[in-house]
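**Q** Before I ask anything, let me first share the structure, which is written out below as structure tokens.
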Number of protein chains: 2
Amino acid sequence: MGEFDFIEKIRSLCAAATLPSGVVGIGDDCAVVPYGEGGDTMVTTDMLVEGVHFLRSDATPEQVGHKAAAVNLSDIAAMGAIPIGAFLSVALPKDAQGEWAERFVEGFCRTLSRYGTPLLGGDTTSSLRDVCVNVAVVGRCESGRALLRSGAQVGDTIYVTGPLGDSGAGLKVILSPDGERTAEATRLVERHYTPTPRLSEGYALAHSGEAHAMMDISDGIASDLGHILGRSAVAAEVDIALVPTSEELCLEGGRRGWNIAELALAAGEDFELLVVGTERLPSVVDFPLYPIGRIVEGPAGTIKWLSQGVPTQLNLQGYRHF
Amino acid sequence: MGEFDFIEKIRSLCAAATLPSGVVGIGDDCAVVPYGEGGDTMVTTDMLVEGVHFLRSDATPEQVGHKAAAVNLSDIAAMGAIPIGAFLSVALPKDAQGEWAERFVEGFCRTLSRYGTPLLGGDTTSSLRDVCVNVAVVGRCESGRALLRSGAQVGDTIYVTGPLGDSGAGLKVILSPDGERTAEATRLVERHYTPTPRLSEGYALAHSGEAHAMMDISDGIASDLGHILGRSAVAAEVDIALVPTSEELCLEGGRRGWNIAELALAAGEDFELLVVGTERLPSVVDFPLYPIGRIVEGPAGTIKWLSQGVPTQLNLQGYRHF
């Protein structure tokens with residue numbers, strides 16, 4: 001049973017309980033629960049496991065703390081909502097219960113504070129061997145204002161908020177322990193451990209009146225865009241020559257012979273926003289948006305890849321845990 | 001650094017962000033976030049780790065799934081709120097990704113359904129070795145109706161909703177692998193793995209007008225009652241002869257030479273409700289409430305133990321993870 005089969009199994013088991021009107025459940029960046037005049041509540045949750053998402057031998061505890069906060073805040077950003085509180089559960093083996101735990105919590109709380117998010121609760125427990133961290137964040141937005149994955153329309157342009165592939169490249173650096181790291185490699189590792197949640201951008205996009213669908217890039221756009229297309233019952237054309245990449249990725253990738261397009265499209269964990277909207281969208285926000293393609297008619301969920309306008313074959317998959 | 005020191009560290013780091021008016025953060029069964037006319041949102045989260053909270057060799061996957069749902073629903077019950085959605089994060093090692101995962105999710109979803117709670121989201125990931133499960137549940141109640149830990153008043157009576165110690169006794173049975181289990185031992189193990197969240201009782205108590213403070217019993221009343229007393233700045237007298245225990249516990253405890261009072265007062269995980277209110281409280285609800293003591297003046301957070309009215313010395317601690 002693969003990860004997506006497992007999620008389908010969960011979804012089918014829980015479909016029994018019909019959701020109340022206005023509630024958005026499994027399948028978006030956050031769940032949405034309407035609270036009448038009080039607005040809509042968003043909830044998201046993410047788990048980080050030692051040996052899978054981070055190595056204690058490589059990441060500093062502060063970096064793990066930052067990332068645990070940032071990936072959840074990114075899901076709130078992807079709805080165009082404002083975070084109102086975080087919940088931290090942490091399982092700690094004996095050798096992480098002292099300095100590691102303190103520094104982890106410092107990194108976690110510093111990032112929460114930077115984005116005005118109080119820690120409202122959680123759970124602490126021991127574990128036998130590995131650190132396991134789960135964070136849930138609750139957010140809020142005006143009633144009906146959240147940008148879901150299901151709103152993409154034929155003719156819309158597809159944008160991203162920043163360069164892609166750095167985080168995946170950073171992970172490749174971490175996993176290839178070969179001597180000295182260049183300045184570029186060090187910067188890529190940093191990007192892997194300290195992603196920036198695009199909260200102000202997400203809020204502005206949701207309030208622009210020109211955006212129709214949004215999500216954050218966690219599995220890579222090859223996989224993530226498919227979710228928007230599937231939920232919106234449309235197809236897309238994406239030009240890989242338009243996908244923005246950083247100078248560090250190009251330099252280090254050139255040195256190491258990496259497939260840069262594959263990293264940019266499928267490595268994931270960039271936590272930039274993937275947003276679909278009108279042609280006017282970039283002119284009504286005050287930060288850069290990179291157009292990478294457009295929404296077209298076609299089989300729901302399919303992407304036609306182009307390279308400088310010419311159709312090309314790609315065989316890419318987003319990251320799957322099992 | 002012990003578990004409670006760690007929680008203090010977290011609390012002090014996050015106290016920097018002053019909470020908005022009406023928000024209840026760390027220190028109660030749930031956090032409370034007001035949503036104006038929409039009522040108050042409650043959020044709780046709990047983590048279960050293999051080898052610490054359950055053994056895959058002993059608990060069925062359905063039991064682990066049930067417990068993961070029940071302990072969180074119990075926190076919603078302890079506020080007098082209604083659950084509106086659950087979030088499941090699960091980290092699975094290779095050997096749990098097939099049948100174990102399916103059966104776990106079946107048990108989890110069955111319990112959610114029984115209490116009318118939809119699964120609204122979550123996260124799935126692999127892990128290297130141990131299963132780690134985190135559940136967050138969001139609930140709702142009328143504005144200002146939640147029963148906090150801080151409302152106990154001198155002269156109030158202290159009640160519990162059912163017998164205590166069975167769960168802790170069940171754990172002792174699990175941890176002593178010595179041949180045949182009696183019917184009573186089997187029943188105690190069942191109580192350990194399948195606690196009942198007291199949702200309808202919690203709701204009725206919060207709406208009775210006669211209850212002042214409430215929490216669920218997760219660490220044992222010796223520790224849990226201390227939290228109510230501390231937050232309410234009062235003391236208590238508890239008569240251990242009044243603490244209800246089951247026939248199974250008495251029979252099996254007699255056979256095995258257990259200290260039954262210690263199990264009932266300090267083993268925890270009973271998930272009965274501990275409620276403080278007026279003398280009239282039992283007469284306005286339609287389920288049994290067992291009076292075990294009363295709120296008195298005295299050093300905040302202290303419990304004076306009695307046995308059939310006579311002062312007695314007890315040296316008990318609730319469970320601490322590290």
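**Q** Would you pick out the residues in the stretch A:29-58 that are among the acidic types (Asp, Glu), in contact with a helix residue (DSSP H, G or I) (Cβ under 9 Å, 6 or more places away or on another chain) and modelled with pLDDT of 90 or more? Spell out the reasoning first.
**A** First, pick out the residues of the stretch A:29-58 that are among the acidic types (Asp, Glu): A:29, A:37, A:40, A:46, A:50, A:58.
This time we only want the ones that are in contact with a helix residue (DSSP H, G or I) (Cβ under 9 Å, 6 or more places away or on another chain), so: A:29, A:37, A:46, A:50, A:58.
If the condition is that a residue be among the acidic types (Asp, Glu), in contact with a helix residue (DSSP H, G or I) (Cβ under 9 Å, 6 or more places away or on another chain) and modelled with pLDDT of 90 or more, then A:Asp29, A:Asp46, A:Glu50 are the ones that fit.
**Q** I've got another one for you. Can you tell me how many residues in the stretch A:226-268 are crowded, with 23+ Cβ neighbours inside 10 Å and either farther than 21 Å from A:Gln308 by Cα or in contact with a strand residue (DSSP E or B) (Cβ under 6 Å, 6 or more places away or on another chain) (or both)?
**A** Total meeting the criteria: 7.
**Q** Might you let me know whether the stretch B:17-38 holds any residue that is of a type in the set (D, E, K, R), over 19 Å from the mean Cα position of the chain (by Cα) and at the interface with chain A (Cβ under 9 Å from one of its Cβ atoms)? First the steps, then the outcome.
**A** Taking the stretch B:17-38 and keeping what is of a type in the set (D, E, K, R), we get B:28-29, B:37.
Adding the requirement that they be over 19 Å from the mean Cα position of the chain (by Cα) leaves B:37.
So of that shortlist, the ones also at the interface with chain A (Cβ under 9 Å from one of its Cβ atoms) come out as B:37.
Yes - at least one qualifying residue is present in the stretch B:17-38.
**Q** Would you check if there is a residue in the stretch A:278-301 being farther than 21 Å from A:Glu247 by Cβ, surrounded by 16 or more Cβ atoms within 10 Å (Cβ to Cβ) and under 18 Å from the mean Cα position of the chain (by Cα)?
**A** Checking the stretch A:278-301: not a single residue is farther than 21 Å from A:Glu247 by Cβ, surrounded by 16 or more Cβ atoms within 10 Å (Cβ to Cβ) and under 18 Å from the mean Cα position of the chain (by Cα).
**Q** Is there any pair with a first residue in the stretch A:178-199 that is touching a residue at least 12 places away in the same chain (Cβ under 8 Å) and a second that is basic (Lys, Arg) and buried (at least 22 other Cβ atoms within 10 Å of the Cβ) whose Cβ atoms are under 9 Å apart and which are 6 or more apart or on different chains, and what are they?
**A** These pairs meet every condition: A:His192/A:Lys67; A:Tyr193/A:Lys67; A:Thr194/A:Lys67; A:Pro195/A:Lys67.
**Q** Test A:Leu316 against the criterion of being assigned to a strand (DSSP E or B), surrounded by 15 or more Cβ atoms within 10 Å (Cβ to Cβ) and not assigned by TED's automatic domain parsing to the domain that holds A:Gly80, and give yes or no. Show your work before the answer.
**A** Working: assigned to a strand (DSSP E or B): no; surrounded by 15 or more Cβ atoms within 10 Å (Cβ to Cβ): yes; not assigned by TED's automatic domain parsing to the domain that holds A:Gly80: yes.
It is false that A:Leu316 is assigned to a strand (DSSP E or B), surrounded by 15 or more Cβ atoms within 10 Å (Cβ to Cβ) and not assigned by TED's automatic domain parsing to the domain that holds A:Gly80.
**Q** Another one. Mind telling me which of the residues A:Ala81, A:Ala68, A:Ala59, A:Ala77 ends up being crowded, with 24+ Cβ neighbours inside 10 Å and closer than 20 Å to A:Ile174 by Cα?
**A** On the way: A:Ala81 fails: closer than 20 Å to A:Ile174 by Cα; A:Ala59 fails: crowded, with 24+ Cβ neighbours inside 10 Å; A:Ala77 fails: closer than 20 Å to A:Ile174 by Cα.
Checking each option against the conditions leaves just A:Ala68.
**Q** Hey, can you tell me all the residues within the stretch A:66-80 that are in a helix (DSSP H, G or I) and either touching a Phe, Trp or Tyr at 6+ places or on another chain (Cβ under 6 Å) or over 21 Å from A:Leu205 (Cβ atoms) (or both)? Step through it out loud before you land on a result.
**A** Let us first name the residues in the stretch A:66-80 that are in a helix (DSSP H, G or I), namely A:66-77.
Of everything in the stretch A:66-80, those that are in a helix (DSSP H, G or I) and either touching a Phe, Trp or Tyr at 6+ places or on another chain (Cβ under 6 Å) or over 21 Å from A:Leu205 (Cβ atoms) (or both) turn out to be A:His66, A:Lys67, A:Ala68, A:Ala69, A:Leu73, A:Ser74.
**Q** Here's another thing I want to ask about it. (1) surrounded by fewer than 24 Cβ atoms within 10 Å (Cβ to Cβ); (2) in contact with a Ser or Thr (Cβ under 7 Å, 6 or more places away or on another chain); (3) outside any helix (DSSP H, G or I): which one isn't true of B:Phe6, the others all being true?
**A** Evaluating B:Phe6 over (1) surrounded by fewer than 24 Cβ atoms within 10 Å (Cβ to Cβ); (2) in contact with a Ser or Thr (Cβ under 7 Å, 6 or more places away or on another chain); (3) outside any helix (DSSP H, G or I) leaves (3) as the failure.
**Q** Follow-up question, since we're still on this one. Would you please name the residue that is farthest from the other protein chains (Cβ to nearest Cβ), looking only at residues in the stretch A:39-65 that are in a strand (DSSP E or B) and among the acidic types (Asp, Glu)? Give the steps one after another, and end with the answer.
**A** Applying the first criterion (in a strand (DSSP E or B)) to the stretch A:39-65 yields A:40-50, A:54.
This time we only want the ones that are among the acidic types (Asp, Glu), so: A:40, A:46, A:50.
Values: A:Asp40: 9, A:Asp46: 5, A:Glu50: 8 Å.
So the residue we want is A:Asp40.
The values are calculated or read from the model by the stated rules, or taken from the named source; none is laboratory data. Just so we're clear, the structure is a prediction, and the values are computed from it rather than from any experiment. When we count neighbours, we look across all protein chains shown, and the Cβ atoms used for this are built from the backbone with ideal geometry, even at glycine.
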